[in-house]
Structure formats: structure tokens, C-alpha cells
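Data block below; observations after.
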Amino acid sequence: MSIQHYVHLIRDVPDFPKPGILFKEITPLLQHGPALRAAIDGMVAGTRDMQADVMVGIESRGFLFAAPMAYATQSGVALIRKPGKLPALKVRQAYALEYGTDLIEMHADAILPGQRVLIVDDVLATGGTAQAAAELVASVGGIVAGFAFLVELGFLGGRPRLGDVPVCSLLTY
Ligand code: AMP
């Protein structure tokens, strides 16, 4: 069954985490085995041509997709985390959120120079997080081969911010 069959498992939560934000809440989809499998299979199929060596997951829901995608493609996983979580030498990038500003960090040796990297998250909203992730990857010499999202909020205009790099999203609102 394709992911389109399971769209009802993504629920809208109005005014979370701030008034005016319509939050796309994916935990019902995660709880449903066939839907989770359809999501991972769809994201793997939609990114195969990008020929990534490493999946970079963005904390925290990006991890849930990056790891099984890496398992399915026999690639590795690298982590982009919120500040203060990573113990070793790291690089850091500031970015603007749909609701506020924040920082992300990655270990400086998480990606080797020249490795092809796929940046993975659950939702593409304004694109600020993914854009900052791409800058982190590039800052350590990685090649951003593409981006993968389960959900794209097209009306927020995130995709153009990601430049010419291929973007896979399974469900667009
Ligand atoms: P952005 O940087 O605006 O593209 O935001 C992307 C990140 O914030 C992702 O990690 C999402 O999990 C989260 N996010 C932002 N807006 C929403 C939303 N409306 N619904 C669900 N998650 C969101």
C-alpha cells in the first residue's frame, strides 16, 4: 500500500507549539506498522538516484526516518542535534524556524570530505532547518546529494530555499 493510503494518520494540531502554527503530527503514522513501512519504502525509492553514502538525520523525528533508510540502503547515519547534546568536537549553525530561532550541531568528523549526503527530516516547513543542515554538511566538506521529507508544507516555500539539490517529499500540503 502506498503512503497516500495512510494520510489520515497524520493529524493536524492547531496552535502547537505556538498560536497560528498548524502542526503536522505524525505519531499515529509511526504507530502503524504498514504505514511506517510505506513511509520508509517511499522515501528510499524516492531518493535512490541521489546515491548517498550517508543519511543525515535531523533531531529528533528525522532520526526515525534516517536510520531505517540507511539500513535499507546499507549506508551510514550521521546526527544533527540540538545544542549541547553532542560530546565530541562539533560544528554549529544558527537558523530561523517557522516558530523562532535555534541552533543545530554536528560532530566535525560525522561526514568525511567528498561523501555524498542525504539530509532527512519528517517535515519541510520554511526550509530553515534543512538549509542550515546543508550548510553544516558543506562546512565539513560533504556533498549534499539531496533532501528527503515525509511531509512538505508547500505553502511555506521551503523548497526554493534548498537550491538546485533534488528534494524528495512524499506528501505535500
Ligand atoms: P523549518 O525549518 O521551518 O523547515 O522546520 C522544520 C522542522 O520543524 C522540522 O524538524 C519539523 O519537525 C518542524 N516543524 C516545523 N513546522 C512544523 C509543522 N507545521 N508541523 C510539524 N512539524 C513542523
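All of the numbers you see were taken from the coordinates with simple rules; none came from a lab. What you see is a predicted model; the values in this text were computed from it and never measured. Positions of Cβ are backbone-derived with ideal geometry, glycine not excepted, and every protein chain shown enters the neighbour counts.
Summary table
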quantity: Residues that are buried (at least 24 other Cβ atoms within 10 Å of the Cβ), of a type outside the set (G, A, S) and part of a helix (DSSP H, G or I), drawn from the stretch 129-151; calculated: T129, L136, V137
quantity: Top-ranked residue in the stretch 64-90 [being among the hydrophobic types (A, V, I, L, M, F, W, C) and under 18 Å from A45 (Cα atoms); ranked as farthest from the ligand (Cβ to nearest atom)]; calculated: A72
quantity: The stretch 115-148: number of residues that are within 24 Å of Y71 (Cα to Cα), near the ligand (Cβ under 9 Å from one of its atoms) and without any contact (Cβ under 8 Å) to a residue 60 or more places away in the chain; calculated: 1
quantity: Restricting the stretch 91-103 to residues that are within 15 Å of the ligand (Cβ to nearest atom) and closer than 16 Å to E135 by Cβ, the residue that is surrounded by the fewest Cβ atoms within 10 Å (Cβ to Cβ); calculated: T101
quantity: Residue, farthest from the ligand (Cβ to nearest atom), within the stretch 104-114, restricted to residues that are surrounded by 18 or more Cβ atoms within 10 Å (Cβ to Cβ) and more than 19 Å from S75 (Cβ to Cβ); calculated: E105
quantity: Index of the failed condition, A52 passing every other in (1) assigned to a loop (DSSP other than H, G, I, E, B); (2) within 16 Å of the ligand (Cβ to nearest atom); (3) within 15 Å of the chain's Cα centre (by Cα); calculated: (2)
quantity: Among the residues listed as G42, G57, G46, the single one being within 13 Å of the ligand (Cβ to nearest atom) and either among the small types (G, A, S) or under 30 Å from E135 (Cα atoms) (or both); calculated: G57
quantity: Considering residues of the stretch 11-21 that are surrounded by 12 or more Cβ atoms within 10 Å (Cβ to Cβ) and without any contact (Cβ under 8 Å) to a residue 60 or more places away in the chain only, the residue nearest to the ligand (Cβ to nearest atom); calculated: F16
